[in-house]
1. When Rg is the radius of gyration of the Cα atoms in the chain and Rh is its Kirkwood radius, what does Rg/Rh come to?
2. Given N residues in the range 36-90, what is Rg(Cα) / (2.2 N^0.38 Å)?
3. How far apart, in nm, are the 7 Å Cα→Cβ label points at Tyr97 and Lys316?
4. Would you please report the Å³ per residue occupied by the convex hull of the alpha carbon atoms in the range 1-113?
5. Can you put Thr332, Thr258 in order, fewest other beta carbons within 10 Å first?
6. Between the helical axis of 188-197 and the dominant principal axis of the chain, each derived from Cα atoms, what acute angle in degrees is found, rounded to the nearest 10?
7. Using Cα atoms only, what is the angle between the long axis of helix 138-149 and the major principal axis of the chain, expressed in degrees (0 to 90) to the nearest 10?
8. So what's the angle, to the nearest 10 degrees on a 0 to 90 scale, between helix 75-84 and the longest Cα principal axis of the chain?
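Nothing in this text is a laboratory measurement; each read-out follows from the coordinates by a stated rule. Model, not experiment: these values are computed from the prediction. Ideal geometry is used to build each Cβ from the backbone, glycine not excepted, and the neighbour counts take in all protein chains shown.
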Amino acid sequence: MNYIDWLKHKDLEYRQGILYFADLNTIEIAEKFGTPIYIINEQMIRKRYRELKDKLNSVYKKNRIFFAVKSNTNLAILKILSSEGSFFDCSSTGEIYICLKSNIPADRIIYTGNMFTDDDFEFAVKNEILVNLDSLSQLKRLAKIYEKIGKEKIFISFRFNPEFGAGHHPHTITAGKEIKFGILEHQMIKAYSEARELGFKKFGIHQHIGSGIIDATDYEKPTDTFIAIIGKIAKILGIHFEFVDFGGGLGIPYHPKTNPIDLNKYGEIVLKKLKVVVEEGDIGDPFLFIEPGRYISAESSIILTQINTIKDNGFKLFAGIDAGFNTLIRPTLYGAYHHIIVCDESNKEKVSKYDIVGPICESGDVLGKKRELPELSEGDYLAILDAGAYGFTMSSPYNSRPRPAEILINDGKTFKIREAETFDDLLRNQLVPDYLK
Ligand code: LLP
């Protein structure tokens, strides 16, 4: 894909040197709302959701997409996806709470947590949320909570760890013997037989091998292992599955030299295998679930930021901006690449290499290293791309810098969907004991 098409894929283009996002002039947005700021493109969320849905429908009709809420919890985003018919994958009771507050019905939520407490289980059972267990030891505790609350035990699901994962960084690979997630193969039969003995009647199965997978073939081996264990459980225990959940993990092209993940290949390598085992095996007539976060939300957002300082220290050129790892932590935490571009490229003749750095008092506050950009000046605006997944949700008020606002773009109009935090928010929950007053 050439660079202009790569930008277009994200609904970005230069018109007379000015960067437009979702048909709007980014400099005008920055000047109207201030920086740093998250800008979200509603149509991109819908587009990515529909692309996936169409792919699923073409391979396996009985399917559901559960948006991984951890990637973006903004209520407007959840409403947009609700209106598309999405389901929702939550990793905590807080995420479930946000979904319920967004009027998402309980039967559209799956709770794929880990290291569950009894309070987590109580919250889930009281709200009738389907739980996807992460350890054999949790089963009896969950059953007890159903009994205590007096609700019937119907659905249960376990997360399988296929011992072979993938991801853009070691921290985002979620399968393997050394990894905390899921249940290894040798405990899977026990998990389902105990669940049945405890009175659960309907069964699902889940795996999530990691996050940020751009080569669909990375799914091949774990999917084969997954399909094999599903067949084995069905055969040994005579269990029929109500759903098979392949998790999320689909990556996006953060770098201009990266192509989007090949959805056809994903369909062949992952989704079609369920069809085969359903037709040829005896595992029931399950729904196919997937839980994508990044694929749906990442490319929907950019961060607009303003340069406040150009520093040439004699060795290196730094462009100091008003967004830091408090605003977007992925580059610092994972060495993740986020493409950074100028909002006005009319002054293109001279190009230099800059380290793009934030205002946080740590040397690791680098958003982009050695980026070749047109000559920059103090006051210029930059756009940091692909910030819609694990961007705002992982931001913090570190260095007592209030979190930024979020603006939604739809149909050429802007809507504020989150106020910027204020200094008062920094103090909101702090208490001073009387003796220190
Ligand atoms: N399902 C489960 C059980 C998960 O743990 C995750 C992500 C997903 C679905 C969604 O994965 P996605 O489709 O978004 O790749 N903070 C990291 C990513 C951590 C992902 C954790 N689990 C990052 O910024 O790259």
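1. Checking Rg against Rh, the ratio lands at 1.01.
2. That works out to 1.19 for the range 36-90.
3. In this crude spin-label approximation the distance works out to 4.1 nm.
4. Here the figure is 143 Å³ per residue.
5. Ascending number of Cβ neighbours within 10 Å: Thr258, Thr332.
6. 60
7. 80
8. The helix 75-84 is inclined about 60 degrees to the chain.
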